[in-house]
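Undergrad: Before I ask anything, here is the structure I am working with.
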Amino acid sequence: MIYPIYIYGSPVLREQTKPIEANSPELKQLVSDMFDTMYAANGVGLAAPQIGRSIRLFVIDATPYAEDHPELADFKKAFINAEIYQRSETTVSMEEGCLSFPKLYENVSRPQTIGIRYRDENGVEHDDQYQYGGMAARIIQHEYDHIEGIVFVDHLSPLRKTLLSSKLNGFTKGKFKAAYKCKTQK
Ligand code: NI
C-alpha cells in the first residue's frame, strides 16, 4: 500500500512518537508499505510520522547513491526504536531535501559520524558504534529527527528561515507541487 505523505504543517510531524513494543506481522507489513511509499516518491528515507503514524520507525534505502558512495551499496534498512547515542564533534554541511517539503533543498550542518542502537524488521538488535559517516550518517540523522518531532528546516539559521517563510507557509496552505500523493494539515 502506498500512503500519502504528510506535508510540513501537519501536526503529526511534531508529535512525540511511541516506542514499538513487539515485532508483529502488522509491523512487517508497515515496513514494507513504507519502503513502497518511499520508492513511489523517489525518496531515500521515510519516517513513520510522515505517513501519519506517531511511532519510532524509519526506513532508508540509500543504494541509489552507491555509484558515488560505494559504502552504500547494500544500505537498505528499517530502524525500529532507534537511539543515536554517539555524535562526533566534527560537523559537516550538506544539502538535504525531505518528502514532507517537496522540492525544497537546503544546506544543513550535522555531526559527521554517529553511533546508533536499533532493532531491525526481523527483530535483530544492532549496536553500531561510530559506524556511520558521510551520506549514511546524514540520512540516518535526518530520519531520526523525524521520530523526535524535528524537521530539517529547524536546523537553519533564523535569517534563512525568514527568507524561506513564504515558501514554508505555502506548504502549510497546500501551495506546492509534488509528483506523489500528499496530505496537508487541512
Ligand atoms: Ni524528511
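None of the figures in this text is laboratory data; all of them are computed from the coordinates on show. Since the structure is predicted, the reported quantities are computational estimates derived from the model, not experimental observations. Methodologically, a virtual Cβ is constructed for each residue, glycine included, from the backbone with ideal geometry; neighbour enumeration extends over all protein chains shown.
Undergrad: Which residues, counting only those in region 78-113, are under 25 Å from I55 (Cα atoms) and among the aromatic types (F, W, Y)?
TA: Residues satisfying the conditions are F79, Y85, F101.
Undergrad: So, one more: Which of the residues belonging to region 1-19 are under 21 Å from I80 (Cβ atoms) and in contact with a Lys or Arg (Cβ under 6 Å, 6 or more places away or on another chain)?
TA: Result: Y6, T17, P19.
Undergrad: Hey, could you check region 137-186 for residues that are without any contact (Cβ under 8 Å) to a residue 60 or more places away in the chain and among the aliphatic types (A, V, I, L, M) and say which is farthest from the ligand (Cβ to nearest atom)?
TA: This residue is L159.
Undergrad: Evaluate the following for R110: is it of a type in the set (K, R), more than 16 Å from the ligand (Cβ to nearest atom) and in contact (Cβ under 8 Å) with a residue 12 or more places away in the chain?
TA: no
Undergrad: Would you point out the residue of region 122-136, among those that are more than 15 Å from the ligand (Cβ to nearest atom) and assigned to a helix (DSSP H, G or I), that is surrounded by the most Cβ atoms within 10 Å (Cβ to Cβ)? Spell out the reasoning first.
TA: At the first step, the residues of region 122-136 found to be more than 15 Å from the ligand (Cβ to nearest atom) are 122-134, 136.
From what is left, the residues that are assigned to a helix (DSSP H, G or I) are 134, 136.
Values: G134: 16, A136: 21.
Only one residue fits best here, namely A136.
Undergrad: Please verify whether E96 is in a strand (DSSP E or B), within 12 Å of the ligand (Cβ to nearest atom) and touching a residue at least 24 places away in the same chain (Cβ under 8 Å), treating the condition exactly as stated. Break it down stepwise before answering.
TA: Working: in a strand (DSSP E or B): yes; within 12 Å of the ligand (Cβ to nearest atom): yes; touching a residue at least 24 places away in the same chain (Cβ under 8 Å): yes.
Considered against the rule, which asks whether it is in a strand (DSSP E or B), within 12 Å of the ligand (Cβ to nearest atom) and touching a residue at least 24 places away in the same chain (Cβ under 8 Å), E96 comes out as yes.
Undergrad: Restricting the search to region 30-44, which residues are surrounded by 12 or more Cβ atoms within 10 Å (Cβ to Cβ) and either of a type outside the set (G, A, S) or in contact with a Ser or Thr (Cβ under 6 Å, 6 or more places away or on another chain) (or both)? Lay out the reasoning, then the answer.
TA: Of all residues in region 30-44, those surrounded by 12 or more Cβ atoms within 10 Å (Cβ to Cβ) come to 30-41, 43-44.
Once the filter is applied, which keeps residues that are surrounded by 12 or more Cβ atoms within 10 Å (Cβ to Cβ) and either of a type outside the set (G, A, S) or in contact with a Ser or Thr (Cβ under 6 Å, 6 or more places away or on another chain) (or both), region 30-44 yields L30, V31, D33, M34, F35, D36, T37, M38, Y39, V44.
Undergrad: Return a yes/no flag: does region 29-36 have any residue that is in a loop (DSSP other than H, G, I, E, B) and within 16 Å of the ligand (Cβ to nearest atom). Please lay out each step first, then the result.
TA: If we filter region 29-36 for residues that are in a loop (DSSP other than H, G, I, E, B), which is where we start, we get none.
No - not one qualifying residue is present in region 29-36.
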